[in-house]
Ligand SMILES: *Cc1c(COP(=O)(O)O)cnc(C)c1O
């Protein structure tokens, strides 16, 4: 039986997959079972932030595998301490809880927000405002938080305590921010929702209104974080620092990791026994994360990310089939005039370019390490498809 047949037989059919069996990767290119290579403009799905099998990253990870692959959170490890220290320094947060995915990081944020409020104000101040078109994960709690009706099927009952506000609608926000609310949760750039950045005015209003009522702001930076937008956190673009920020996807360069970061205000909320994760803070993930942070913090790295982002955006603007380009930095949404994003993605695959979609848009999340030449090669394939 070939690989795809084995998948069909034994793996649940919860994904729509492209007919591509990936075998290996190097730099910004990967190779399928038949030896065909592809330029990856999706970084897997925003995960392989340093590209495929980056040498320093791979050395750090392999060396950790051979030293201590896992222990338990009953004990301390040096590598978790080092990752936490570097992550807190880089993000300018006070403390972190480690888990293994974006959804889990958001679960942790939800628990912290509710307990912070319970500890201070007692019961009935548990509601969390999330935005229409948001995406926060696939667990029951994070699905409940996700502000898209398409996700609210089959798995009833969903969790109560989430109220949706239309993104960028300050009046809607004001009308729903009552004294049952403990937090507002947002993505600065909605990823799965169509690569749409929030307006500065709306973000300002969220922070002002929340601060006045001691309501926490939770920034879901699972997709926007770790240099994706050209800053370490997208909040920096807005001049804002949330009380709680969640990260995952590209943070450890393609090893499962999640992080829930808090300012000092919330650092003491989770006390012994109130939260945990068997694999959270896993040494291999931490070693991968340290390698990613060292690269992001290396001189000029994020500056180059911004130059690349500007170059891609300029090149895309030359294409007559493109209606508009959205997002921030190397998180790019492309609205097309006549073609559909899924058709373009299929054609791109045939021609050796991997791209993503988000709603009706083409979405690009190229590795942060991509070269100008590789960008040029990928854009050429994309333009040929769009202009044919
Ligand atoms: C991908 C994503 C998640 C979910 O992350 P998982 O690791 O799949 O659980 C949550 N929030 C945002 C903004 C995401 O992009």
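Quick rundown of the values:
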read-out	value
In degrees, nearest ten, helix 301-317 long axis to first principal axis of the chain (Cα)	60 degrees
Beta bridges per DSSP with both ends in the chain, % antiparallel, nearest 5	65 percent
Residues 266, 53, 108 arranged by fewest to most Cβ contacts within 10 Å	53, 266, 108
Residues 372, 331, 12 arranged by fewest to most Cβ contacts within 10 Å	12, 372, 331
Folded to 0 to 90 degrees: helix 372-387 orientation relative to the chain principal axis, Cα	80 degrees
Nearest-0.05 FRET efficiency for residue 340 and residue 73, computed from C-beta distance (R0 45 Å)	0.45
Full-stretch length increase - residue 33, residue 55 - with 0.36 nm per residue and alpha-carbon distance subtracted	5.7 nm
Top of 34, 243, 214 by mean-square fluctuation, Gaussian network on the chain, Cα under 10 Å	34
Mean Cα-pair separation over length for region 68-296, i.e. relative contact order, pairs under 8 Å, 6 or more apart, %	29 percent
Extension gain, residue 321 back to residue 140 (0.36 nm per residue minus Cα-Cα distance, nm)	61.3 nm
Separation in nanometres of the label points that stand 7 Å from Cα toward Cβ, at residue 82 and residue 155	3.7 nm
DSSP-defined beta bridges in region 110-252 - what % are antiparallel, rounded to 5	10 percent
Candidates 287, 58, 145, ranked by Gaussian network fluctuation over the chain, Cα under 10 Å, top entry	58
With Cα atoms, 0 to 90° folded angle of helix 341-350 axis to the chain main axis	50 degrees
Estimated [θ] at 222 nm from DSSP helical runs (n ≥ 4, -39500 (n - 2.57)) normalised by residues in the chain, nearest 500	-11500 deg cm²/dmol
Within a Gaussian network of the chain (alpha carbon springs, distance under 10 Å), most fluctuating of 238, 311, 156	156
Prolate/oblate/rounded label for region 248-318 (Cα gyration tensor, a/c 1.5)	prolate
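Values in this text are rule-based calculations from the coordinates and carry no lab data. Quantities reported herein were computed from a predicted structural model and do not represent experimental measurements. Cβ: placed from backbone, ideal geometry, glycine included. Neighbour counts: every protein chain shown.
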